[in-house]
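The structure appears below as structure tokens.
The values are calculated or read from the model by the stated rules, or taken from the named source; none is laboratory data. Note that the coordinates shown come from a computational prediction; the quantities given were computed from them, not determined experimentally. So basically every Cβ, Gly included, is an ideal-geometry build from the backbone, and we count neighbours across all protein chains shown. We work out accessible area using only protein heavy atoms, side chains counted, and drop any ligands, DNA or RNA first. Shrake-Rupley method; radii C 1.70, N 1.55, O 1.52, S 1.80 Å.
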Amino acid sequence: MSRMIQAYFHTENQAEGAKALLMKYDPQMLEVGSLEGGYNGSGRLLLPFMESGGLVNEANINNSFAMVDAPPAAARASSDYASDGDTQALHYVLSCKVADANYLGAAEIIRRNHGHLEEFND
């Protein structure tokens with residue numbers, strides 16, 4: 001089985017960087033595209049990781065990354081999710097499918113590379 005991944009980025013360089021790193025998981029249908037008007041979806045987006053400790057309770061356009069110490073499989077806090085203000089500047093989308101066994105690793109790569117990962121209800 002495989003899982004769909006869709007993630008949103010501020011810049012094309014961020015999206016292409018994550019795309020290159022995802023190659024180690026042998027993804028299917030891997031592509032990066034531009035969003036004309038930015039993200040306008042209504043899904044739940046997990047915020048990217050930062051490399052320092054602590055947790056940001058409110059993110060805005062100048063500080064749009066949640067900082068977490070927990071691995072991606074841990075229970076998510078409400079502050080791990082993007083708010084409407086966080087998503088307006090997301091202009092690039094990366095999508096692919098990865099094997100179930102590789103999903104957590106792929107999700108971590110995306111979030112560590114400034115990606116806002118859309119959470120799908122399986």
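Filtering segment 78-90 down to residues that are surrounded by fewer than 18 Cβ atoms within 10 Å (Cβ to Cβ) and either in contact with a Pro (Cβ under 8 Å, 6 or more places away or on another chain) or not hydroxyl-bearing (S, T, Y) (or both), which residue is modelled with the lowest pLDDT?
My answer is D84.
What are the pairs with Cβ atoms under 7 angstrom where one residue, in segment 11-26, is under 25 Å from G37 (Cα atoms) and the other, located anywhere, is open to solvent by 60 Å² or more (accessible area, probe 1.4 Å)? Sequence gap at least six, or different chains.
Between residues of segment 11-26 that are under 25 Å from G37 (Cα atoms) and residues that are open to solvent by 60 Å² or more (accessible area, probe 1.4 Å), the close pairs are Q14/H114.
Identify, from the list V56, V32, the residue that is of a type in the set (V, I, T) and either modelled with pLDDT under 80 or surrounded by fewer than 17 Cβ atoms within 10 Å (Cβ to Cβ) (or both).
Being of a type in the set (V, I, T) and either modelled with pLDDT under 80 or surrounded by fewer than 17 Cβ atoms within 10 Å (Cβ to Cβ) (or both) holds for just one of V56, V32, which is V56.
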